[in-house]
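Written below as structure tokens is the structure these notes are about.
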Amino acid sequence: MSESQAITPELRAWIIEQASAGHTPDVVLKSMQASGWNEDSAIEALEQTLTSHLDERAGRAAAVPPPVKVPEPLPHGTRTTLWAGDREVTVLASLNAPRVVVFGGLLSHDECDDMIALARSRLVRSETVQTDTGASEVNEARTSQGMFFARGEHVLCGRVEARMSALLGWPVENGEGLQILRYGPGAQYKPHYDYFDPEQAGTPAILKRGGQRVASLVCYLNTPTQGGATVFPDVQLEVAPVKGNAVFFSYDRPHPVTRTLHGGAPVIEGEKWVATKWLREGRFE
Ligand code: PD2
Ligand code: ZN
């Protein structure tokens, strides 16, 4: 789920379009304010977008940050099965660049059903940014609904988190609480990176709690009738959403060189439920 006034690729494209059409920053700012943006956030979004756009046009690439240690589920090379503390998990596929591993049977079907039952009454609609105005709003047909569990909130969350930690060799304390998302027909998650953009003004404050995100584990809680794959456009990889399975990917620096651009393809028929675990560099307390 994105923050309500984050600079999404759509908003960035809209701001650049407005500037290229000759609208002054003041006019663009007024338009954003008229559609619900607060002045400070709008100014910040405009400054960042236009500065980085000018840098790109001048060939001044943002520096690639140094790599950090990330979770690695297959430190000794490819295996067909892995012991995850209380359950054997199958390795269905892996890729090195981006680092992606697809797991079979990470969760039992009962665990998937129980997770959905615990989350259902707490779902709230996720917000998207409208591309024509830059306004943050809920778009019923296209968005997912979501909620966060606190880490260890239920016995089930604690058990699953311990299993993920054993599977990935990464401390439970370095994980965020599980995020549950439900997509209805037509809903999708547009391609994005899960790390926090170092260019965004709000990022240093976010990083105080646990540092950067370094990996994601998206678990499928049901099998949609049609659609809803997790896609990695840079390498044209599509991971089929199958109940109990999961896709892991890591990013050793907050930069597109990791090739971890990914999205949730539209659900065509049925619904799609996922539980996402994000792993941080440090303790997320
Ligand atoms: O539901 C997905 O397939 C998906 C795709 C992209 C989930 C996430 N990102 C996420 O939770 O970050
Ligand atoms: Zn994501």
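The values are calculated or read from the model by the stated rules, or taken from the named source; none is laboratory data. Because the structure is predicted, anything quoted here is derived from the model rather than measured. Methodologically, a virtual Cβ is constructed for each residue, glycine included, from the backbone with ideal geometry; neighbour enumeration extends over all protein chains shown.
Okay, here's what the table says:
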item	result
Wholly enclosed strands (runs of 3 or more DSSP E) of region 233-285 bearing at least 2 residues more than 25 Å from Met164 (Cα to Cα) and either within 14 Å of ligand 2 (Cβ to nearest atom) or in contact (Cβ under 8 Å) with a residue 12 or more places away in the chain (or both)	267-269
Number of the condition not met by Leu221 [criteria: (1) crowded, with 23+ Cβ neighbours inside 10 Å; (2) within 14 Å of ligand 2 (Cβ to nearest atom); (3) touching a residue at least 60 places away in the same chain (Cβ under 8 Å); (4) over 19 Å from Pro71 (Cβ atoms)]	(2)
Verdict on Val172 being within 16 Å of ligand 1 (Cβ to nearest atom), out of contact with any strand residue (DSSP E or B) (no Cβ under 6 Å at 6 or more places or on another chain) and of a type in the set (Val, Ile, Thr)	no
Selection from region 83-103 of residues that are touching a residue at least 40 places away in the same chain (Cβ under 8 Å) and crowded, with 16+ Cβ neighbours inside 10 Å	Ala84, Arg87, Val89, Leu92, Pro98, Arg99, Val100, Val101, Val102, Phe103
Cβ pairs under 6 Å, 6+ apart, first in region 151-177 and at negative phi, second of a type in the set (Ser, Thr, Tyr) and modelled with pLDDT of 95 or more	Val172/Ser165
Whichever residue in region 165-196 is among the charged types (D, E, K, R) and surrounded by fewer than 17 Cβ atoms within 10 Å (Cβ to Cβ) and, among such residues, is modelled with the highest pLDDT	Glu173
All positions within region 183-199 that are under 16 Å from the mean Cα position of the chain (by Cα), in a loop (DSSP other than H, G, I, E, B) and either within 16 Å of ligand 2 (Cβ to nearest atom) or small (Gly, Ala, Ser) (or both)	Ala187, Gln188, Tyr193, Asp194, Tyr195, Phe196, Asp197
Region 228-254, residues that are surrounded by fewer than 19 Cβ atoms within 10 Å (Cβ to Cβ) and farther than 17 Å from Ser94 by Cα	Lys243, Arg253
